[in-house]
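Data first, discussion second: the structure below is written as structure tokens.
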Amino acid sequence: MYPHVHRRDLLKGAAALAPVVVAGRAFAAPQAGSRLLVVFLRGAYDAANVVAPTGSDFYHQARPTIALARPDAADPAAPVALDATWSLHPALRDSLMPLWQARQIAFVPFAGTDDMSRSHFETQDTIELGQPVGGHRDYGSGFMARLAAVLGRGAADRPIAFTDQLPLCFRGGSSPVPNLALASVGKPIDARQAQLIEAMYRNDALLGRSVHAGFDVRDTVYKALADEMTAASRGAVSAKGFELSARRIGTLMRDQFNLAFVDVGGWDTHVNQGGATGYLADRIGALGRGLAGFVAAIGPEAWRTTNVVVVSEFGRTFRENGDKGTDHGHGSVYWVMGGGLSGGRLAGAQVAVSEATLNQNRDLPVLTDYRSLIGGLVRRQFSLSGAQLDTLFPNARPDDLKLI
């Protein structure tokens with residue numbers, strides 16, 4: 001574990017409380033408000049081998065080489081039983097199981113979209129836009145941009161995307177949202193370089209202001225996280241990938257941002273996916289450690305009013321393929337985490353996992369729509385009205401899973 005970096009001690013005084021101005025709009029740092037982080041697993045992670053229906057005989061028949069074993073309390077390499085049907089991948093035993101025992105994480109099986117294209121790009125767009133499938137798509141209106149606009153009407157609104165480019169979900173809205181690729185934060189761009197880049201966009205007022213704001217955010221991040229990155233280089237925890245990024249996100253959301261998005265790639269496991277060990281296990285283990293690091297970095301006070309939603313564009317085929325992997329599927333398992341959550345359970349509508357209940361005889365069905373899930377969550381978290389929810393997710397009925 002990293003030594004806890006007390007950002008409040010680093011940024012005491014007026015500088016710590018000063019608002020950041022993005023394109024002429026001042027954002028006041030949330031001191032006691034709710035926070036939401038959306039983690040998008042791009043590539044469609046194999047949910048059925050992470051939160052696995054190990055109580056189903058059909059699961060073991062359908063996955064003769066990659067299925068997880070049945071739970072065994074005496075075997076640390078075995079999955080951990082969540083209930084009589086579902087088990088958690090052993091790579092998440094140390095990172096997420098403590099949150100499950102503290103009732104601070106819930107899993108929502110049979111979750112996803114009504115997009116049946118099984119196309120990574122189309123279904124990712126479907127989720128990020130948050131618009132009804134089958135109608136006209138407005139690529140200038142992402143659901144998180146709409147949420148930021150709704151929250152900005154009466155709440156502290158500080159959105160950010162921890163991505164290389166501004167994601168589709170944050171496009172649109174009255175003010176641009178800063179984005180920051182955490183993997184690229186080594187040192188800030190020097191003043192001469194910044195002036196040259198800003199000069200390139202001088203004739204575009206809106207984009208020019210966004211570029212200038214981006215440099216301001218990047219410099220602030222570097223200064224705030226210098227000590228944390230130094231600690232990471234001492235080998236306390238791996239400094240690579242999402243594990244380090246998640247701690248950075250936690251540090252920033254603790255004091256500066258209340259609405260954030262991050263994506264993690266590499267989940268398209270067609271070949272040699274592995275079971276309790278292997279490619280998927282390595283990646284899911286790093287994700288779990290990153291999420292646990294986020295919880296530690298944001299701290300207990302902020303964690304009480306923070307929620308994290310982990311989604312993926314779709315699940316994967318329930319039966320393994322001939323290459324010991326899985327192909328593009330449909331239903332998935334989404335995760336909801338939070339310090340004030342009513343977790344420690346499998347939430348949402350469920351059916352017995354069997355050949356008869358598969359969607360198109362190949363993958364898990366979708367029983368909980370992602371818009372209904374997220375809509376129901378943020379309605380309670382941010383006390384949104386019916387009209388605000390209609391703006392956020394048009395023609396979608398929020399589903400109250402009683403997570404908050």
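The values are calculated or read from the model by the stated rules, or taken from the named source; none is laboratory data. If you're wondering where the values come from, they're calculated on a predicted model, not measured in any experiment. We place every Cβ from the backbone using ideal geometry, glycine too, and count neighbours over all the protein chains shown.
What to note about this one:
- Meets criteria (out of contact with any strand residue (DSSP E or B) (no Cβ under 9 Å at 6 or more places or on another chain) and either under 28 Å from Leu341 (Cβ atoms) or at pLDDT below 95 (or both)) for Phe170: no
- Looking across region 315-329 at every residue that is closer than 17 Å to Val353 by Cβ and in contact (Cβ under 8 Å) with a residue 60 or more places away in the chain, the one that is surrounded by the most Cβ atoms within 10 Å (Cβ to Cβ) is identified as Arg316.
- Of the residues Val310, Val262, the single one that is modelled with pLDDT of 95 or more and either closer than 20 Å to Val108 by Cα or in a strand (DSSP E or B) (or both) is Val310.
- Region 312-348, residues that are more than 25 Å from His120 (Cα to Cα) and among the small types (Gly, Ala, Ser): Gly338, Gly339, Gly340, Ser342, Gly343, Gly344, Ala347
- Being in contact with a Phe, Trp or Tyr (Cβ under 7 Å, 6 or more places away or on another chain) and part of a loop (DSSP other than H, G, I, E, B) is a condition met by no residue of region 369-392.
- So Asp363, is it acidic (Asp, Glu) and at pLDDT below 95: no
- Taking first residues from region 65-81 that are under 14 Å from Asn49 (Cβ atoms) and partners that are among the acidic types (Asp, Glu), the Cβ contacts under 7 Å between residues at least 6 apart in sequence or on separate chains come to Thr65/Glu320; Ile66/Glu320; Ala78/Asp72.
- Subset of region 352-367 that is touching a residue at least 12 places away in the same chain (Cβ under 8 Å) and outside any loop (DSSP other than H, G, I, E, B) - its residue that is surrounded by the most Cβ atoms within 10 Å (Cβ to Cβ): Asp363
- Restricting attention to region 125-167, the residues being under 20 Å from Ile249 (Cβ atoms), modelled with pLDDT of 90 or more and either surrounded by fewer than 16 Cβ atoms within 10 Å (Cβ to Cβ) or of a type in the set (S, T, N, Q) (or both) number 0.
- A count restricted to region 88-111 and to residues that are crowded, with 23+ Cβ neighbours inside 10 Å and without any contact (Cβ under 8 Å) to a residue 60 or more places away in the chain stands at 1.
- Filter result (under 24 Å from Met116 (Cβ atoms) and not in a strand (DSSP E or B)) within region 329-345: Gly329, His330, Gly331
- With respect to (1) touching a strand residue (DSSP E or B) at 6+ places or on another chain (Cβ under 6 Å); (2) surrounded by fewer than 21 Cβ atoms within 10 Å (Cβ to Cβ); (3) small (Gly, Ala, Ser), the lone exception for Ser332 is condition (2).
- Meets criteria (modelled with pLDDT under 95 and farther than 26 Å from Leu259 by Cβ) for Ser119: yes
- Hey, Ala349 among the small types (Gly, Ala, Ser), in contact with a Phe, Trp or Tyr (Cβ under 8 Å, 6 or more places away or on another chain) and either under 19 Å from Asp114 (Cα atoms) or not in a loop (DSSP other than H, G, I, E, B) (or both) or not: yes
- Verdict on Phe58 being touching a helix residue (DSSP H, G or I) at 6+ places or on another chain (Cβ under 9 Å), within 30 Å of Arg171 (Cβ to Cβ), modelled with pLDDT of 95 or more and among the aromatic types (Phe, Trp, Tyr): no
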